[in-house]
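Heads up: the structure comes next, in structure tokens.
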Amino acid sequence: MNIYLVIIVTALIGEFALRSIARYLNLKALDPKLPDEFEGFYDGDKYRQSQEYTRAGAKFAYVSSTFNLCLILAFILVGGFNVVDNYVRGLDLPPIATGLVFFAILYFARDIISIPFSLYSDFVIEERFGFNKMTVKTFVLDHIKTYALAIVLGVPLLGGVLYFFERTGDLAWIYAWGLISCFIIIAPPLFTTLIAPMFNKFTPLGDGELKDAIQGYTEKVKFPLTEISVMDGSKRSTHSNAYLSGFGAKKRIALFDTLIEKHSIGELVSVIAHEVGHHKKKHVLKGTILSVLHSGVLLFLLSRFVENRALFDAFQMEETSIYAGIVFFSILYTPIELVLSIGLNYMSRKHEYEADAFAAETIASPEPLITGLKNLSVSNLGNLTPHPLTVFLNYSHPPMLQRIAALRQFGNTLHASSD
């Protein structure tokens, strides 16, 4: 039997089994007793609702992940990739254009198949728990815009990678790495100036106590704030959030309108302080560097497998090609990607603790952030008792109770040092 086929099937089934076990343990870890820390924030009904929300999400994930596993295994075993390849080759296009059409068919087919699951998630589960505010019109327009972005951004990026691997021989991975690294670096400002405004409306925060408080804080910590915007997050959901964007001397804060509605000024400033902490601690820069290094390793390994005949045989391909090799290597890479994602999530959780500590220190108290995090967890029906395996595999943020405990401990240290 083909060794690559064995590795791929084992990896796909193994990851599915691991995540299914994690979901099962996560549901078993749901504790009907409200943690003492949240007394006065969750009432009994709301807390039960949060656990039902977790159960509904887990059950949906079981169904969708089972479907996805069966689909990809069936597609591999019946030679579906070869069928697509024969079709695009029959168009008699140049090699790079052929590859782009191959990618496009797989991308759009996969997205269309996923639409019923997205509809169920948004209009059944999120609707049931009072989160969904999206209309069918918005849903359709979002997909059209996403397709447009995939064409505008994906075609030059993938076309460039194909060009380098088709034309530059052994140095292809280095040239492709340079291209992708440039994209990684320009992606954040591109998101801020082009992509985000395509999906949401951003309006300047009006003058008043909140704006004064935010500006007072950013001036205090010497953060180069140039814009405070309110994003119409309520257009799609009642979930709330905030984020910072921008490089160099130009930074922008975007607050979801739902966040402003549900939190006090002190809580909002503490949330901003947390986001500023990420920038001050250079978490964004570290993440960018890691992404660049990760892409380099990925492309180097790709260069060693991209035209491996045995790998193509695993997918029942009649002919080899750079474009199909990229797809097949990405599937073969699944076990390594899982390990890397676990490591990146661990680092992200560590960064969240650091940003929390920065916020508590610069505000001179952990309490506003603690209260803000509690209210945020309640409004989003957050799971207060996730299983450690679920946290290990999936959580980019620490569990809420651990995060609050760390803040309290840091607060005690602050208090002791000030005495």
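The values are calculated or read from the model by the stated rules, or taken from the named source; none is laboratory data. For clarity, every value in this text was computed on a predicted model and none was experimentally measured. Virtual Cβ from ideal backbone geometry, glycine too; neighbours counted across all protein chains shown. The area values use the complete protein model at the heavy-atom level, side chains included, leaving out ligands, DNA and RNA. Shrake-Rupley method; radii C 1.70, N 1.55, O 1.52, S 1.80 Å.
Points worth noting:
- Entry for Cα extents along the principal axes in Å (calculated from the structure that is shown) out of (i) 80, 49, 42; (ii) 65, 61, 50; (iii) 72, 48, 45: (iii)
- Most mobile listed residue (370, 144, 195) in the chain, GNM with C-alpha springs under 10 Å: 144
- In the context of the full protein assembly, residue 70 retains an accessible surface of approximately 80 Å², using a probe radius of 1.4 Å and ignoring ligands and nucleic acids.
- Charged side chains reduced to their Cβ positions (Lys and Arg at +1, Asp and Glu at -1) give the chain a dipole of some 120 debye around its Cα centre.
- When the trypsin sites (Lys or Arg not before Pro) in the stretch 1-106 are filtered for DSSP coil states and for at most 12 other beta-carbon atoms within 10 Å of their beta-carbon, the remaining sites are 33.
- Counting only Cβ charges, +1 for Lys and Arg and -1 for Asp and Glu, the dipole size of the stretch 271-406 around its Cα centre is about 420 debye.
- Rolling a 1.4 Å probe across the protein heavy atoms gives the chain an accessible surface of 50 Å² per residue.
- In this structure residue 114 has an accessible area near 30 Å², from a 1.4 Å probe over the protein heavy atoms.
- Computed with a 1.4 Å probe over protein heavy atoms only, the accessible area of residue 134 comes to about 30 Å².
- Options 285, 342, 310, ranked by Cα towards positive dipole end of the stretch 234-358, top entry (Cβ charges): 285
- Structural descriptor for the stretch 229-312: relative contact order 21 percent, calculated from alpha carbon pairs under 8 angstrom and at least 6 residues apart.
- The stretch 232-315: GluC sites (Glu not before Pro) in DSSP coil with no more than 14 other Cβ atoms inside 10 Å: 307
- Remark: the stretch 306-365 carries a charge dipole of roughly 120 debye about the Cα centre, counting +1 on each Lys and Arg Cβ and -1 on each Asp and Glu Cβ.
- DSSP H segments from the chain that extend 30 Å or more along their own axis, Cα-based, with Kyte-Doolittle mean of 0.0 or above: 3-28, 44-77, 95-120, 283-305, 334-363
- Accessible area, probe 1.4 Å, largest first, for residues 358, 300: 300, 358
- Between the residues 70, 54, 42, the greatest Cα displacement towards the positive end of the dipole of the stretch 27-80, with unit charges on the Cβ of Lys, Arg, Asp and Glu, is found for 70.
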